[in-house]
1. Please compute the average number of Cβ atoms from other chains found within 10 Å of each residue's Cβ in peptide B:139-152.
2. I'd like the per residue volume of the convex hull spanned by the Cα atoms of segment B:303-359, given in cubic angstrom.
3. Report the equivalent ellipsoid semi-axes for segment B:4-160 in whole Å, largest first, defined as the square roots of five times the eigenvalues of the gyration tensor built from alpha carbon atoms.
4. Roughly how big is segment A:6-176's charge dipole about its Cα centre, with Cβ charges of +1 (Lys, Arg) and -1 (Asp, Glu), in debye to the nearest 20?
5. Given the DSSP H assignment, sum -39500 (n - 2.57) over each helix run of at least 4 residues in the protein assembly as shown and divide by its residue total; what's the result at 222 nm in deg cm²/dmol, nearest 500?
6. Can you give me the long-range amide H partners of B:I337? Hydrogens built in the peptide plane at 1.01 Å from N, cutoff under 5 Å, separation of 5 or more residues or another chain.
7. Using only Cα atoms, figure out Rg for the protein assembly as shown and give it as a multiple of 2.2 N^0.38 Å.
8. How much space per residue, in cubic angstrom, does the convex hull of the C-alpha atoms of chain A take up?
Amino acid sequence: MKPFTKLTAVAAPFDMANIDTDKIIPARYLRKLRTADAGYDPWLFYDMRFDADGKEKPEFILNQAPWRNTCIVVAAANFGCGSSREGAVYAMMDWGIRAAIAPSFGDIHYANEIQNGMLPAILAEEHCAVLRAQLKAKPGSTITIDLEPQTITGPDGKSYQFDIEPVFKERLLKGLDDVGLVLQELPAIEAFEKRHFAKMPWIA
Amino acid sequence: MPTLFEKIWSQHVVVDKGNEALLYIDRNLLHDGAFHAFTALAREGRKVRKPRQQLATADHYVPTRNRDLGIAAVDDSDAREMLRLFDANGAEHGIRCFGMSDPNQGIVHVVGPETGFTQPGITLTCGDSHTSTHGALGAYAFGIGASQLKQVLATQCLWQKKPRTLRITVDGQLGTGVTGKDVILAIIAKIGTAGATGHVIEYAGSVFRAMAMEGRLTVCNMSIEAGARAGMIAPDDVTFQYLAGREYAPKGAQWDAALEMWRALPSDGGAKFDREVSLDGSAIEPTLTWGTTPEEALPVSAAIPDPASFGDANKRAHAESALRYMDLKPGTLLTDIKIDRVFIGTCTNGRIADLRAAAAVLKGRKVTVQGWVSPGSTVTKRQAEAEGLHRIFEEAGLEWRASGCSGCAAMNGDFVPAGMRSASTSNRNFEGRQGKGARTHLMSPAMAAAAAVTGRITDVRTLMGAH
């Protein structure tokens, strides 16, 4: 997994709260196989990005010239709520989005971002609102996210501290794979299973 | 003085590192959307470590029509490939697999409890957010994405941060026509779609103690719609009677040993929760959603609210956008809203008690709109047919179909056309969820049946006992 350390990139503001994973990628595109040649980027925000004829909706932010190279999303509360579909992360990552900043995230989606090396940065609602207002005032302006000190620097140069659990931070900084981290504990797992199945043999 | 959740958690910690724990996963459920995890497993050259602790059933992509044709009933080539991969992955890894023509096929969250695979005191995962359903039997069950699913398959463990606890107590007695669906919609309307984020909910109080297993499964199913990691109900005699004799439930001396363990699971008397919420069950009316998030729900007697009256700016903006999408005006009585489609089924409300409740309203009546019924599992379908429920639905004018996620996930070709308004027993009223441009009102099976009869949102109590 590619480590996440520091990123300076174009950021797009999404004002609406509760952007669910059905919005990020409609269910009908989850049946597509994801390969090195065919990513999930065509389906990102599909019903917000395209009209019934498959034409781009000019009013949608990612269709506007300053935001076509967006790598950071600044959202409102409860970003990625709803379905557990990891396709929502695949679509964002394949488009080029590497971080989402929001006051809160849906739990499963938060874990899915971590698992793929995408940063979910938790930042106070009022600071997210300030950033979104600045990004709208200066379309195409950039934000810098530095994971080690947990800082976000807005278009006006002002910095904010964001929250992330230390264990998730370490995984992102080092690009660690969870399966590898679990398998390090294999002897403990096998010992646990012996005790556990002695008590509940019908589970094994 | 641990809670139900804390007891199960501590019994499954393999390694405790303080700020995270390696949690053992007793059982994992799989469905036909799990191909990403299997593909990653193959790419990394890994095997399924504990095939016997897995159970798979095809649900998201299976057609609900012409199922006797087998795979030929699947029009879409991508969906055919999903179902082919489902069978191939199951066979390759030696996993019990209920394919689309298997007599045990059904929606994963109906099949788990129905087969006794889901049990009190276990940890259970599935690559689906509605895995919270299984907590109704006193399990700690939570949804995961494809990467964590791959980890469970490869290791049977997950690194987890311990969630906080929230007890929701609903005392009193539910009125006539008020069901588990109405209770959970009332709860989500009160605490919000992010009201339980980071928490495990335990549902407590006289309303849940008196509730049959189907109602409890409905309540726990929608815990995720309040953002919860999981929802749980303490196991009791209702749970044990439900499980006794089911295929994968323990038998004989093991059943006795299990019962003794299960009886020790409920939260201790003085157990402390991080948060507490309570509702008066006697005051809950039949409840339905009017907007595009499950928290935008109201009693059937209410009118569409004016977003301008909302104090919270986020909620106001959401409601304005929801009313545009739903094509509704503030002040309109919910019972004046006309509907175009009815959908009864899903992992929320596709169980036998749900079908009986809908059939009780439809018996001897005709529907005035198109709609379909898709039982939660093929076993449930056979049981409903043995009881003659399918004839009641068909004589009323609804289609009786095979089991699958159908119009809830709208991934199998069943959907609500753009601009049409549906009365649906599913769990999500998000924009586009039931099809691009579809307008969804979530409600109980009895309320959906009542809407089917009159062609508009209807208080089911006005149709009860009338004939």
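1. The per-residue average across the peptide is 6.
2. Spread over its residues, the Cα hull of segment B:303-359 gives 133 Å³ apiece.
3. So the three semi-axes of segment B:4-160 are 29, 18, 11 Å.
4. Here the size comes out at about 360 debye.
5. Value at 222 nm, helices only: -9500 deg cm²/dmol.
6. Placed amide hydrogens put B:I457 under 5 Å from B:I337.
7. The value comes to 0.91.
8. Spelled out: Cα convex hull of chain A, divided by residues, is 149 Å³.
Read-outs: derived from the displayed coordinates by stated rules, not from any lab. In this text the structure is predicted, and so the values were computed from the model without any measurement. For neighbour counting, all protein chains shown are included, and Cβ atoms are generated from backbone atoms with ideal geometry for every residue, glycine included.
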